[in-house]
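Everything on this sheet refers to the single structure shown next.
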Amino acid sequence: MSSIDQPDKGKSPSDGSGGIAHLRQKIDAIDLQIVSLLQDRARVAHEVGLYKKERGLPFHVISREQEIFDRLDRIDIAPFPRPVLKHIFREILSACLSLEEPLVVAYLGPPASYTHQATLKFFGTSTRHLSMSTVREVFLCVERKEAAYGVVPIENSTEGMVNYTLDTLVETDLKINGEVVLPIHHCLLSRGEDIRQITKVFAHPQSLAQCRGFLSNHLPHVPTIETTSNTRAVELALQDETHAAAIAGEMAAEVYNIPVLRRHIEDQPDNQTRFLVIGDGVPGPTSRDQTSIMVSVIDRVGALSSILQIIASHQVNLTRLESRPSKKKAWDYIFFMDLAGHQKDPAIQTLLGKLQDLCPYVKILGSYPVSEEKRKSG
């Protein structure tokens with residue numbers, strides 16, 4: 001019997017009015033209040049759903065959810081930990097939304113992949129998740145309205161941009177509706193009880209690249225085998241009879257019941273991946289947004305420099321600039337830019353008008369709330 005389960009032997013010095021049994025009664029009463037309030041919230045959420053349905057309004061509004069999280073940030077909740085409160089409210093929002101209408105979200109990769117984890121972080125566990133094998137399939141799923149949103153990787157802090165996502169953004173009419181940043185912590189998973197027993201390592205190429213140092217130092221002579229996903233790596237390691245290992249996240253270890261031999265084997269401890277949430281609408285303005293655009297430039301000396309000067313002259317902060325081949329002709333490029341602000345902001349509207357006058361092609365990829373991680377760092 002644990003110490004907390006021992007029979008009461010008098011009053012608690014800190015309470016003085018009934019010992020731990022009294023304190024537990026107070027907690028039980030508070031728990032009942034919490035459940036009652038959750039029931040009230042669910043009923044009101046159901047009413048909201050009926051109101052939206054009668055008037056043909058969108059049932060899920062990302063900017064509205066961000067308002068709720070912004071309000072939580074302004075509330076003093078000590079001593080309760082703020083990150084835990086946000087996680088709780090994410091699940092409350094997810095559960096209440098499911099009472100209005102099931103939210104379907106497509107994501108890249110199999111269950112327990114990092115994109116799946118990013119989807120859970122952004123939408124919660126009460127949504128219906130569709131696993132897709134390619135980025136293009138995620139976009140097609142949303143375009144066909146089989147899913148309200150899609151989640152795809154766009155950038156890793158150590159390996160750079162995910163080019164096939166950039167290329168697909170060029171081709172689609174869908175918009176970026178949100179972003180989520182996920183810390184990437186790799187584990188070495190295996191049924192082998194000792195790392196010295198490992199005969200081969202399965203992993204996605206990007207995971208192998210992010211764990212080069214660990215593999216070189218601890219498994220220098222063990223062959224590595226590339227797989228289509230880290231989840232597939234786990235499946236192959238489980239099927240192998242020679243103490244094979246896989247590189248994947250801890251969620252994969254839990255889902256597939258495979259032991260963790262080593263944790264945090266990534267070379268960069270601050271390894272993060274940024275994911276995009278794509279949809280067919282544009283979220284309304286929030287307390288802090290960014291607008292992603294794609295532009296082409298006239299093929300002349302100083303063309304890009306002129307555009308950057310125009311952006312600066314309108315006092316708009318350019319937070320990201322990436323280039324990709326246009327695939328129309330050799331050495332022709334398009335540029336992806338993230339601008340601080342929403343496309344409905346007057347400064348952004350004026351700037352976009354200027355760019356459309358000067359550039360052969362300007363495409364607004366979306367305006368959406370800045371991720372929580374960027375809000376903290378900013």
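Throughout, read-outs are computed from the coordinates displayed, never taken from laboratory work. Given the structure is predicted, the values throughout are model-derived calculations rather than measurements. Note that we place each Cβ from the backbone using ideal geometry, even for glycine, and neighbour counts take in every protein chain shown.
If Lys and Arg each add +1 and Asp and Glu each add -1, what is the summed charge of the other residues whose beta carbon sits under 15 Å from the beta carbon of G192?
Surrounding charge for G192 is 0.
So if I place +1 on the C-beta of Lys and Arg and -1 on the C-beta of Asp and Glu, and nothing else carries charge, what would the dipole magnitude of the chain be about its Cα centre? I want it in debye, nearest 20.
520
Along the charge dipole of the chain, Cβ charges K/R +1 and D/E -1, which of V282, S296, S306 sits furthest on the positive end?
Highest projection toward the positive end goes to S306.
For a quick check: with amide H placed at 1.01 Å from N, whose amide H comes under 5 Å from I225's, ignoring anything fewer than 5 positions away on the same chain?
Residues meeting the criterion, in which the H sits 1.01 Å from N, are V201, F202, A203.
Helix-only estimate, please: 222 nm mean residue ellipticity of the chain, summing -39500 (n - 2.57) across DSSP H runs of length 4 or more and dividing by its residues, to the nearest 500.
Using -39500 (n - 2.57) per qualifying helix, the result is -13000 deg cm²/dmol.
Quickly work out the L318-to-E47 label distance, labels modelled 7 Å from Cα along the C-beta direction, and quote it in nm with one decimal.
Placing both labels 7 Å beyond Cα along the Cβ direction yields 5.0 nm.
Which parts of region 265-285 would a label at E159 reach, counting a residue when its backbone N lies under 11 Å from a point 7 Å out along Cα-to-Cβ?
273
Taking the Cα centre of region 213-372 as origin and charging only Cβ (+1 Lys, Arg; -1 Asp, Glu), how large is the dipole, in debye to the nearest 20?
Roughly 760 debye, rounded to the nearest 20.
Report, for the chain, the % of DSSP beta bridges that are antiparallel, rounded to 5.
75
Using bins 5 angstrom wide from zero, how does P(r) for region 196-352 break down, in % of all Cα pairs?
Reading the bins upward from 0: 1, 7, 13, 14, 10, 8, 9, 11, 11, 8, 5, 2, 0.
All other residues with a Cβ under 12 Å from the Cβ of V84 taken together, and with Lys, Arg as +1 and Asp, Glu as -1, what is their net charge?
That works out to +2.
Just to be sure I understand: with springs between alpha-carbon atoms less than 10 Å apart, which residue in P183, P360, P111 has the highest mean-square fluctuation in the Gaussian network model of the chain?
P360
At what distance in nm do the modelled label points of K327 and R300 sit from each other, each positioned 7 Å from its Cα along Cα→Cβ?
Taking the two extended label points, one gets 2.9 nm.
Which parts of region 122-147 would a label at T228 reach, counting a residue when its backbone N lies under 19 Å from a point 7 Å out along Cα-to-Cβ?
130-142
GNM on the chain, C-alpha springs below 10 Å: top fluctuator among A246, A21, A347?
A21
For the ranges 79-87, 363-371, 114-122, what's the packing order if you count other beta-carbon atoms within 10 Å of each residue, average per peptide, and put the highest first?
Result, highest mean first: 114-122, 363-371, 79-87.
Within 14 Å, Cβ to Cβ, of R74, how many net charges do the neighbouring residues add up to if Lys/Arg are +1 and Asp/Glu are -1?
Around R74, the charge tally is +1.
Which one, Q356, Q25, Q290, has the greatest fluctuation when you compute a Gaussian network model over the chain with C-alpha springs under 10 angstrom?
Top of the fluctuation ranking is Q25.
Can you tell me the convex hull volume per residue for the chain, based on C-alpha atoms, in Å³ to the nearest whole number?
Spread over its residues, the Cα hull of the chain gives 200 Å³ apiece.
With viscosity set to 1.567 mPa s at 4 °C, what whole-number translational diffusion coefficient in µm²/s follows for region 91-193 from Stokes-Einstein and a Kirkwood radius over Cα pairs?
Stokes-Einstein gives a translational diffusion coefficient of 88 µm²/s.
Quick one: which residues, 5 or more positions from H186 or on another chain, have an amide H under 5 Å from its amide H? H modelled 1.01 Å from N in the peptide plane, none for Pro or chain starts.
The list, which skips near neighbours in sequence, is H264, I265, E266.
Through the Karplus equation 6.51 cos²θ - 1.76 cosθ + 1.60, θ set to phi - 60°, convert the phi angles of region 33-46 into ³J(HN,Hα) values in whole Hz; use x for Gly and Pro.
Karplus values, whole Hz, x for Gly and Pro: 5, 4, 4, 4, 5, 5, 4, 4, 5, 5, 5, 5, 4, 5.
At R0 = 22 Å, how high is the FRET efficiency between D28 and I88 if r is their beta carbon distance? Nearest 0.05 is fine.
Efficiency at R0 = 22 Å is approximately 0.70.
Taking the simple approach of a point 7 Å from Cα along Cα-to-Cβ for both E137 and T242, what is their distance in nm?
3.0
Out of every Cα-Cα pair in region 272-320, what percent are more than 16 Å apart?
Summing the P(r) of region 272-320 above 16 Å gives 60 percent of all pairs.
What does the convex hull of the Cα atoms come to per residue for region 279-353, in Å³?
Given the Cα convex hull of region 279-353, per-residue volume reads 111 Å³.
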